[in-house]
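The values are calculated or read from the model by the stated rules, or taken from the named source; none is laboratory data. All figures in this text were calculated on a predicted structure; none of them were measured in a lab. Neighbour counts run over all protein chains shown; Cβ positions are idealised from the backbone, glycine included. Just the protein is used for accessible areas: all its heavy atoms, side chains included, with ligands, DNA and RNA removed. Shrake-Rupley method; radii C 1.70, N 1.55, O 1.52, S 1.80 Å.
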Amino acid sequence: MIKVLMVCLGNICRSPLAHGILESKLDNNLFKVDSAGTSNYHTDKLPDKRSIAVARKNGLDITNQRARQFMVEDFETFDYIYVMDKSNFEHVVKMARNVKDISKIKLILNEIKPNQDLEVPDPYYDGDSGFNAVFKMLDKACNVIAIRLKKGNFLLH
Ligand code: 4NP
């Protein structure tokens, strides 16, 4: 089974959306998707109400998710670790133990805009429009990720 982890700061806004979106595009008998935050600010909390709402508007229920902090053991469990922004990237890279761990970490928007190092903006202090924009960009990125995962040609990228 291929395992993918989505990571942001709080694990209540962006990564729960990425988690729910990618999971909905894959056969869950073949692929496991999870999410985590680099902080412990919201451990055990539901996703933010605005993430739950934009997911629901797009046909996804993410209310089974609870926030948890990223841990070094995640490098053992997961094959791909997608981070939302550069701050997440630096945090996770600092926890890596070796080059294999580092090779698993990718900025998620580089899957649709290669090498541009674009960030998924943190919508926490925004209104609903920020959450809609985040949903759209994550949906695009997850379409590309799901196609590549299903083809099994990730190693070519
Ligand atoms: P997330 O958004 O990293 O997309 O879950 C945030 C949620 C909470 C906070 C920051 C970002 N916070 O500072 O509490």
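Taking the conditions exactly as written (open to solvent by 40 Å² or more (accessible area, probe 1.4 Å), within 24 Å of residue 152 (Cβ to Cβ) and touching a strand residue (DSSP E or B) at 6+ places or on another chain (Cβ under 9 Å)), does residue 79 satisfy them or not? For residue 79, the condition - open to solvent by 40 Å² or more (accessible area, probe 1.4 Å), within 24 Å of residue 152 (Cβ to Cβ) and touching a strand residue (DSSP E or B) at 6+ places or on another chain (Cβ under 9 Å) - is met. Only residues that are out of contact with any strand residue (DSSP E or B) (no Cβ under 8 Å at 6 or more places or on another chain) and within 14 Å of the ligand (Cβ to nearest atom) were counted in segment 114-126, giving 5.
Here is a list: 66, 97. Which entry is within 16 Å of the ligand (Cβ to nearest atom), open to solvent by 20 Å² or more (accessible area, probe 1.4 Å) and in a loop (DSSP other than H, G, I, E, B)? Working first, answer last.
On the way: 97 fails: within 16 Å of the ligand (Cβ to nearest atom).
Only one candidate qualifies: 66.
Looking across segment 1-36, the residues that are out of contact with any helix residue (DSSP H, G or I) (no Cβ under 8 Å at 6 or more places or on another chain) and open to solvent by less than 30 Å² (accessible area, probe 1.4 Å) come down to 10, 11, 15, 19. Counting only residues that are within 22 Å of residue 144 (Cβ to Cβ) and without any contact (Cβ under 8 Å) to a residue 40 or more places away in the chain, which one in segment 82-92 is least open to solvent (accessible area, probe 1.4 Å)? Applying the filter and picking the extreme gives 89. If only residues of segment 114-126 that are under 25 Å from residue 147 (Cβ atoms) and in contact with a helix residue (DSSP H, G or I) (Cβ under 9 Å, 6 or more places away or on another chain) are counted, the one that is surrounded by the most Cβ atoms within 10 Å (Cβ to Cβ) is 120.
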